[in-house]
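Reading through the structure tokens given below for one structure.
The values are calculated or read from the model by the stated rules, or taken from the named source; none is laboratory data. Computed from a predicted structure; not experimentally measured. Here the Cβ is made from the backbone with ideal geometry for all residues, glycine too, and neighbour counts use every protein chain on show. For the accessible areas, the whole protein counts, side chains as well, though only heavy atoms, and no ligand, DNA or RNA atoms are used. Shrake-Rupley method; radii C 1.70, N 1.55, O 1.52, S 1.80 Å.
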Amino acid sequence: MASKQPWLNPAVAVGGLAPLAQLAVQGAQGQLGANGIEFALNQTGLFALAMLLASLACTPLRLVFGWTWPARIRRTLGLLAFAYVCAHFLTYSVLDQGLDVRAMAEDVLTRPFITVGFTAFVLLVPLAVTSTNRQVRRLGFPKWQRLHRLAYVAAVLGVVHFVWRVKKDVTEPALYGAVLALLLAVRVGEAVRKRRALAAAQRTA
């Protein structure tokens, strides 16, 4: 089936990067509004979280609906999430802070919403580095799978970062949090089901 849809991953990559390209063009033309840096930060952060949740949704979609095609784009979605996280961090570090390392370090240490956001970024780095088939073979699938569960931790931190950033109206970050909670519930439910099935098999063996 995967060979019949060679366009799937390229289409997802092009579609996923289109908002970033549009943002770059608008920024170059000075069309991001009165506070362009804040707008760019908000947009890149929003798309990073959306792409991360989309990548985490691939397995629950298979478990609940039996769909297999999302698994073929999971890696692309994860790398798109990382691309937006990098864009978010570069907007903050270069455009907002002017690469002032001391000021950025102070922000990370003293401003909780930046602390959790930076932690999420750090957690995603090894996941992006080990996203290739070669790295899966090198690490071994069980170890690779355990490592990539950090994506859920990064997503939780991303939602917290979003909530603490908006401060007052948390409606939008709460929606992202609800989606993440649902995805986690599906994964936990599947883990419990497997454990019970294993225990039942052992009793009857």
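For the reader, a short list of remarks on this structure follows.
- Counting 0.36 nm for each residue step from Arg196 to Arg149 and taking away their Cα separation leaves a gain of 14.8 nm.
- Helix-only [θ]222 nm of the chain, DSSP H runs n ≥ 4, -39500 (n - 2.57) each, per residue, nearest 500: -27000 deg cm²/dmol
- Taken as entire DSSP H runs, the helices of the chain that both span 27 Å or more between Cα atoms along their own long axis and average -0.5 or more on the Kyte-Doolittle scale are 8-28, 36-56, 70-90, 171-204.
- Accessible-area composition of segment 65-128, carbon plus sulfur, in percent [1.4 Å probe]: 70 percent
- By accessible area with a 1.4 Å probe, ligands and nucleic acids excluded, highest first: order of Asp100, Asp107, Asp169: Asp169, Asp100, Asp107
- Percent of alpha-carbon pairs separated by more than 14 Å within segment 33-84: 57 percent
- Kirkwood-based Rg to Rh ratio, the chain, C-alpha trace: 1.02
- In the assembled protein chains, Phe162 presents an accessible area of approximately 40 Å² (probe radius 1.4 Å).
- Largest GNM mean-square fluctuation among Ala120, Ala24, Ala151, using the chain with Cα springs under 10 Å: Ala24.
- Mean-position separation - Cα centroids, segment 94-151 and segment 49-71, in angstrom: 22 Å
- Full extension of the chain segment joining Leu63 with Ala105 gains 10.9 nm, where the gain is 0.36 nm per residue of separation less the Cα-Cα distance.
- Label-point separation, Arg187 to Ala24 (7 Å along Cα→Cβ), nm: 3.0 nm
- The residues of segment 32-149 expose on average 55 square angstrom of accessible surface per residue, using a 1.4 Å probe on protein heavy atoms.
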